[in-house]
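The values are calculated or read from the model by the stated rules, or taken from the named source; none is laboratory data. Not measured: the values here are computed from a predicted model. Cβ sites come from the backbone with ideal geometry, for glycine too, and all protein chains shown count toward neighbours. Calculation scope for accessible area: heavy atoms of the full protein, side chains included, ligands and nucleic acids excluded. Shrake-Rupley method; radii C 1.70, N 1.55, O 1.52, S 1.80 Å.
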Amino acid sequence: MIVLILVVIASVTWYGSYKNDMKKLEEGLRTYLIVEKGVDEHDIISITARRSKMPMYPVVVKFKDNPQEVVYTKREEQWMQLWPDP
């Protein structure tokens, strides 16, 4: 029974950490787009970090005026656009 409880606690802890990391990526990209790229906050429909192979997590952005998704990732503290080619 103790092993089961430890597994459940470890799973919940890992999931919470994962969700927190994804939220930090989304907020970091939003800040980058608004502050450094000069994108109007209201032009961003959504920003969603997706699970992928580490250490690169894709973060997908949808803009109001462009139905095509734009994919970014963060490498060495710098945001890079992966798709479509910049």
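Conditions tested, residue by residue: (1) at pLDDT below 95; (2) in contact with a strand residue (DSSP E or B) (Cβ under 8 Å, 6 or more places away or on another chain); (3) open to solvent by less than 60 Å² (accessible area, probe 1.4 Å).
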{"position": "I2", "(1), (2), (3)": "yes, no, no"}
{"position": "V8", "(1), (2), (3)": "no, no, no"}
{"position": "T31", "(1), (2), (3)": "no, no, no"}
{"position": "V35", "(1), (2), (3)": "no, no, no"}
{"position": "I44", "(1), (2), (3)": "no, yes, yes"}
{"position": "R50", "(1), (2), (3)": "yes, yes, no"}
{"position": "M56", "(1), (2), (3)": "yes, yes, no"}
{"position": "K62", "(1), (2), (3)": "no, yes, no"}
{"position": "D85", "(1), (2), (3)": "yes, no, no"}
Filter result (farther than 20 Å from E76 by Cβ and surrounded by 11 or more Cβ atoms within 10 Å (Cβ to Cβ)) within the range 20-29: K23
Residue match in the range 67-76 (condition: surrounded by 11 or more Cβ atoms within 10 Å (Cβ to Cβ), of a type in the set (A, V, I, L, M, F, W, C), touching a residue at least 24 places away in the same chain (Cβ under 8 Å) and outside any helix (DSSP H, G or I)): no
